[in-house]
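First comes the structure, then the notes that go with it.
The values are calculated or read from the model by the stated rules, or taken from the named source; none is laboratory data. Quick caveat, the model's predicted, so the values are computed rather than measured. Here the Cβ is made from the backbone with ideal geometry for all residues, glycine too, and neighbour counts use every protein chain on show. With ligands, DNA and RNA removed, areas are computed over all heavy atoms of the protein, side chains included. Shrake-Rupley method; radii C 1.70, N 1.55, O 1.52, S 1.80 Å.
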Amino acid sequence: MAQRLKDAAKKLGEAGAKAGGEGGGPNMPGGAAAEAALRALVAAGILGVGAYNSIYSVEAGHKAVVFNRLTGVKNQTYPEGLNFNIPWLEYPTIFSIRTKAANLTTKSGSQDLQMVTIGIRVLHRPNVAHLPFIYQRLGTDYDERILPSIINEVAKAVVARFNASELITQRELVSAQVRKELEERAGRFNILLEDVAITHLTFSPEYSRAVESKQVAEQDAQRAAYIVQGAKAEKETIITKARGQAESTALIGQAMKKNQAFVQLRRLDAAKEIAHGLSNSGNKIYLNSDSLLLNLAPKKEEKVIKGGGRWWTFGLF
């Protein structure tokens with residue numbers, strides 16, 4: 001650009017000198033004055049263009065790396081704000097050092113040969129101290145060149161170490177191993193990772209159906225076990241009740257053998273219950289007192305006769 005301005009000024013100076021020689025005469029200094037003015041204007045333009053190209057601004061969250069046409073990329077990084085460089089000989093490249101997110105979803109096989117779809121989200125930024133290395137080796141799109149390949153490789157390697165069930169029950173361990181290996185691999189390229197997270201983890205439809213069928217079978221087995229336990233408890237209840245009735249019957253038999261008045265006591269209890277029921281009823285009932293055990297008058301005479309191996313009791317009135 002400076003050379004073009006010089007050429008334009010030269011042409012304008014020659015044109016002015018020619019015009020001054022033709023019209024003003026030898027004593028008229030108009031041509032030389034016009035040429036001097038043009039040269040001053042060109043010099044000011046050159047200085048203005050040079051000053052404009054010698055400064056550049058770095059925005060917040062960015063750093064600058066400067067390339068020199070003679071020595072190559074400088075090892076120094078330039079901070080935010082106004083910076084200076086040599087026009088034409090140097091030009092800056094602005095890098096963003098803000099944290100950015102990278103998302104990747106990949107399919108891999110687990111240790112028990114189940115297909116797993118895993119999604120990983122990585123928060124990353126460049127290592128500011130090694131920005132010249134990143135610019136020389138990787139360029140400004142370093143994240144697109146490096147992160148997809150290493151995330152995919154690390155995810156497949158880690159998933160292959162676990163069974164499908166372990167990927168669910170030990171998710172924190174899986175995430176920790178993924179982060180450790182990603183930090184190691186990204187550190188070789190001077191990329192810093194601030195966070196690594198497993199966003200989702202899904203299995204094939206066949207495996208999901210198998211897991212669902214297994215859960216249904218386990219629930220059915222538990223239900224059957226509860227039914228068996230209930231039947232056992234009911235059986236023990238019936239046995240206990242039968243034993244209690246048998247013991248009660250034996251005790252009643254023993255009491256009757258020892259004291260005949262026990263029968264009379266039971267008759268009194270039964271008569272009391274019948275009388276209570278009839279008293280609470282609003283109906284009028286006429287029944288035989290003997291059939292309702294209400295005839296509690298003492299018998300005049302009882303005679304016990306043993307015959308046929310049994311005891312027979314006869315009441316005489």
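Residues checked against (1) of a type outside the set (F, W, Y); (2) over 23 Å from L192 (Cα atoms):
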| position | (1), (2) |
| --- | --- |
| A60 | yes, no |
| F67 | no, yes |
| N75 | yes, no |
| F84 | no, yes |
| E90 | yes, yes |
| I94 | yes, no |
| A101 | yes, no |
| L113 | yes, yes |
| V116 | yes, yes |
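Could you tell me whether Y135 is over 27 Å from the mean Cα position of the chain (by Cα) and in contact (Cβ under 8 Å) with a residue 60 or more places away in the chain?
Judged against the criteria, Y135 is a match.
What pairs can you find where one residue is in region 73-88 and without any contact (Cβ under 8 Å) to a residue 24 or more places away in the chain, the other is polar (S, T, N, Q) and surrounded by 14 or more Cβ atoms within 10 Å (Cβ to Cβ), and their Cβ atoms are less than 9 Å apart, with a gap of 6+ or different chains?
As it stands, the answer is Y78/N85, since those pairs meet every condition given.
With respect to the numbered conditions (1) under 18 Å from T105 (Cα atoms); (2) modelled with pLDDT of 90 or more, which one is the sole condition not fulfilled by S204?
Failing condition for S204: (2).
Which condition from (1) open to solvent by less than 70 Å² (accessible area, probe 1.4 Å); (2) within 26 Å of F95 (Cβ to Cβ); (3) acidic (D, E) is the one that E144 breaks?
Of (1) open to solvent by less than 70 Å² (accessible area, probe 1.4 Å); (2) within 26 Å of F95 (Cβ to Cβ); (3) acidic (D, E), only one is false for E144: (1).
Mind checking which residues of region 94-118 are open to solvent by less than 40 Å² (accessible area, probe 1.4 Å) and either under 21 Å from V49 (Cβ atoms) or within 25 Å of the chain's Cα centre (by Cα) (or both)?
If the condition is that a residue be open to solvent by less than 40 Å² (accessible area, probe 1.4 Å) and either under 21 Å from V49 (Cβ atoms) or within 25 Å of the chain's Cα centre (by Cα) (or both), then A102, T106, S108, G109, S110, V116, T117, I118 are the ones that fit.
Could you count how many residues in region 35-79 are in a loop (DSSP other than H, G, I, E, B) and hydroxyl-bearing (S, T, Y)? Give the steps one after another, and end with the answer.
The initial filter retains those residues of region 35-79 that are in a loop (DSSP other than H, G, I, E, B), namely 54, 59-61, 69-71, 79.
Now restrict to residues that are hydroxyl-bearing (S, T, Y): 54, 71.
Final tally of qualifying residues: 2.
Kindly check whether there is at least one residue in region 89-112 that is part of a loop (DSSP other than H, G, I, E, B) and on the phi > 0 side of the Ramachandran plot.
Residues of region 89-112 that are part of a loop (DSSP other than H, G, I, E, B), as a first pass: 89, 97-99, 110-112.
Subsequent filtering for residues that are on the phi > 0 side of the Ramachandran plot retains none.
No: zero hits.
Tell me, which residue of region 164-188 that is open to solvent by less than 50 Å² (accessible area, probe 1.4 Å) and out of contact with any Phe, Trp or Tyr (no Cβ under 9 Å at 6 or more places or on another chain) is farthest from I120 (Cα to Cα)?
Within region 164-188, the first condition is being open to solvent by less than 50 Å² (accessible area, probe 1.4 Å), and the residues that meet it are 164, 167, 174-175, 178, 181-182, 186-187.
Now drop any that are not out of contact with any Phe, Trp or Tyr (no Cβ under 9 Å at 6 or more places or on another chain), which leaves 175, 178, 181-182, 186-187.
Working: S175: 9, V178: 9, E181: 13, L182: 11, A186: 15, G187: 18 Å.
Filtering region 164-188 for residues that are open to solvent by less than 50 Å² (accessible area, probe 1.4 Å) and out of contact with any Phe, Trp or Tyr (no Cβ under 9 Å at 6 or more places or on another chain), the one farthest from I120 (Cα to Cα) comes out as G187.
Determine the pairs where a residue that is closer than 23 Å to W88 by Cβ, located within region 32-52, has a partner that is outside any helix (DSSP H, G or I) with Cβ atoms under 7 Å apart, the partner being 6 or more residues away or on another chain.
Here the result reads V49/M1; G50/P87, each pair linking region 32-52 to a residue that is outside any helix (DSSP H, G or I).
Quickly run through region 189-237 and pick out the residues that are of a type in the set (G, A, S) and open to solvent by less than 70 Å² (accessible area, probe 1.4 Å).
In the first step, residues of region 189-237 are kept if they are of a type in the set (G, A, S); the result is 197, 204, 208, 210, 213, 217, 221, 224-225, 230-231, 233.
A197, S204, S208, A210, A217, A221, A224, A225, G230, A231, A233, listed by residue number.
Can you tell me which residues in region 171-205 are assigned to a strand (DSSP E or B) and more than 19 Å from the chain's Cα centre (by Cα)? I'd like the intermediate steps shown before the answer.
Initially, region 171-205 is screened for residues assigned to a strand (DSSP E or B), giving 191-203.
Residues satisfying the conditions are I191, L192, L193.
With the structure loaded, tell me whether A60 is within 45 Å of the chain's Cα centre (by Cα) and either of a type in the set (A, V, I, L, M, F, W, C) or at pLDDT 85 or above (or both) or whether it fails that test.
Values: within 45 Å of the chain's Cα centre (by Cα): yes; either of a type in the set (A, V, I, L, M, F, W, C) or at pLDDT 85 or above (or both): yes.
Judged against the criteria, A60 is a match.
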